[in-house]
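The values are calculated or read from the model by the stated rules, or taken from the named source; none is laboratory data. Here the structure is a predicted model, which is why all the values come from computation and not from measurement. Cβ placement follows ideal geometry from the backbone for every residue including glycine, while neighbour counts extend to all protein chains displayed. Protein only, heavy atoms only, side chains kept; ligands, DNA and RNA dropped before computing areas. Shrake-Rupley method; radii C 1.70, N 1.55, O 1.52, S 1.80 Å.
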Amino acid sequence: MVRELRIGDRRVGGEAPCFVIAEAGANHNRDLSMARELIDVAVDAGADAVKFQTYSAETLYSKKTPRFSYLEGVSAKDTWDLIKEIELPREWQGELSAYAAKRGIFFLSTPFDHRAVEELAALSVPAYKIASFEIVDLALISHAAAKGRPMIISTGLASYEDIADAVETCASTGNRDIVLLQCASLYPAPAARMNLRAMAFAVPTGLSDHSLGIHMAAAAVALGAKVVEKHFTLDRSLPGPDHPFAVEPGELKEMVRHIREVEAALGDGLKLGPAPEEQEMHQKARRSLVASRAIPRGAVIDRSMIAIKRPGYGIRPKLIDLLVGRVAKVDIEEDTVLTWDLV
């Protein structure tokens, strides 16, 4: 069995429920009240954590970075200018963390630089999330892992070598509490590129989901995902690069409901007969042996006198040969459910 770890007071991995991260990302649009509302939405949806992103354009992108094709029609700005425009003001982090704690949800934020690692450590975040594109920044991973908190690492674009390097970097700091998230680094990610079968490592695994809709998350949980991260927004029509592929509040809530229902549906894998709730169906809807015609008292029962019909509280069909040749103790009406006390 894949080992468990803890994020705050929550078990993650093993037989624990899926840990759901509502990814606010940059969808606060640099509006503090909107950021607080995103936290409220995550709480209402039943997510375990709400996550933002902590970066600065100066340390994230070269000003010579080309524009991304998926942002055509979303923004006319160059990449560096766009990132600068949607940065989370770092002075908000303490307030958002405190508000999340007040609302009873974990506050997370993805660090994209070493300063962010320290800022989040000061806020006692219960885990660090490393974005897919940063999986090759082993110095950043080492800095975060050394804080001794669980490391959630997205693996979009990664090869096995990249993943091994990241895991070994964490382990070299003494930190072996690692979650690996399958991710397709496309916005939105088409179903054919989700590759849910890639959630197969000897650590808890999950999905960072950029697909449209909510069904991929539930499918991932059915396949064993222990962590699911999903971008959400207050309104997909809002301006900004991450709103168009994010889910809206009602969808986020529905996604969490689907995840919990899938978990309940997985069951224990045993087949031990009817559950207590199924007893009525077991008695009334299964088949058993029934008199196909009237059988007078003293008659020797032959096969032509017996039908196999519902309900199911009579003699089991597989015992028909044990019934044939017995003598009726009483007059038996047609369609009577046959029981051993009648013969």
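Has the range 97-104 got any residue that is touching a residue at least 60 places away in the same chain (Cβ under 8 Å) and open to solvent by 80 Å² or more (accessible area, probe 1.4 Å)?
Checked against the condition, which is being touching a residue at least 60 places away in the same chain (Cβ under 8 Å) and open to solvent by 80 Å² or more (accessible area, probe 1.4 Å), the range 97-104 yields at least one hit.
Which of the residues spanning the range 135-153 are closer than 29 Å to GLY104 by Cα, in a helix (DSSP H, G or I) and open to solvent by 10 Å² or more (accessible area, probe 1.4 Å)?
The answer is HIS143, and nothing else.
Within the range 58-91, which residues are surrounded by fewer than 18 Cβ atoms within 10 Å (Cβ to Cβ) and outside any loop (DSSP other than H, G, I, E, B)?
GLU58, THR59, SER69, TYR70, LEU71, TRP80, ASP81, LYS84, GLU85
Return yes or no: is LYS230 under 14 Å from SER208 (Cβ atoms), open to solvent by 40 Å² or more (accessible area, probe 1.4 Å) and modelled with pLDDT of 95 or more?
Considered against the rule, which asks whether it is under 14 Å from SER208 (Cβ atoms), open to solvent by 40 Å² or more (accessible area, probe 1.4 Å) and modelled with pLDDT of 95 or more, LYS230 comes out as no.
Identify, from the list VAL20, VAL12, VAL41, VAL50, the residue that is under 25 Å from the mean Cα position of the chain (by Cα), open to solvent by 10 Å² or more (accessible area, probe 1.4 Å) and hydrophobic (A, V, I, L, M, F, W, C).
Of the residues listed, the single one that is under 25 Å from the mean Cα position of the chain (by Cα), open to solvent by 10 Å² or more (accessible area, probe 1.4 Å) and hydrophobic (A, V, I, L, M, F, W, C) is VAL41.
Give the residue, chosen from LEU319, LEU323, that is under 50 Å from the mean Cα position of the chain (by Cα), touching a residue at least 24 places away in the same chain (Cβ under 8 Å), open to solvent by less than 70 Å² (accessible area, probe 1.4 Å) and at negative phi.
The unique qualifying residue is LEU319.
I'd like the full set of residues that are more than 28 Å from ASP177 (Cα to Cα), touching a residue at least 12 places away in the same chain (Cβ under 8 Å) and either of a type in the set (Gly, Ala, Ser) or in contact with a helix residue (DSSP H, G or I) (Cβ under 8 Å, 6 or more places away or on another chain) (or both), limited to the range 1-47.
Listed by number, the residues that qualify are ASN27, HIS28, ASN29, ARG30, LEU32, ALA35, ARG36, ASP40, VAL41, ASP44.
Which of (1) open to solvent by 40 Å² or more (accessible area, probe 1.4 Å); (2) closer than 22 Å to ASP48 by Cα is the odd one out, the single condition ALA220 does not satisfy?
Condition not satisfied by ALA220: (1).
Within the range 261-281, can you find the residues that are open to solvent by 60 Å² or more (accessible area, probe 1.4 Å), assigned to a helix (DSSP H, G or I) and of a type outside the set (A, V, I, L, M)?
Scanning the range 261-281 gives GLU261, PRO276, GLU277, GLU278, GLN279, GLU280.
Against the definition (farther than 17 Å from THR205 by Cβ and surrounded by 15 or more Cβ atoms within 10 Å (Cβ to Cβ)), how does ASP162 come out, yes or no?
no
Have a look at ARG103, ARG67 and point out the one that is among the basic types (Lys, Arg) and more than 28 Å from the chain's Cα centre (by Cα).
ARG67
From the list MET216, MET199, which residue is within 30 Å of GLY269 (Cα to Cα), out of contact with any Asp or Glu (no Cβ under 7 Å at 6 or more places or on another chain), at pLDDT 95 or above and of a type in the set (A, V, I, L, M, F, W, C)?
The match here is MET199.
Answer with yes or no whether ALA121 is more than 15 Å from PRO204 (Cβ to Cβ) and of a type outside the set (S, T, N, Q).
So ALA121 passes the test.
Test LEU252 against the criterion of being crowded, with 18+ Cβ neighbours inside 10 Å and touching a Lys or Arg at 6+ places or on another chain (Cβ under 9 Å), and give yes or no.
So LEU252 passes the test.
So ARG3 ticks every box in (1) surrounded by 15 or more Cβ atoms within 10 Å (Cβ to Cβ); (2) not in a strand (DSSP E or B) but one. Which box is left unticked?
Going through the list (1) surrounded by 15 or more Cβ atoms within 10 Å (Cβ to Cβ); (2) not in a strand (DSSP E or B), ARG3 breaks only (1).
Matching residues to (1) β-branched (Val, Ile, Thr); (2) farther than 22 Å from ALA42 by Cβ; (3) touching a Cys at 6+ places or on another chain (Cβ under 7 Å):
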position: GLU118; (1), (2), (3): no, yes, no
position: ALA127; (1), (2), (3): no, no, no
position: PHE133; (1), (2), (3): no, yes, no
position: LEU140; (1), (2), (3): no, yes, no
position: MET151; (1), (2), (3): no, no, yes
position: SER159; (1), (2), (3): no, yes, no
position: ASN175; (1), (2), (3): no, yes, no
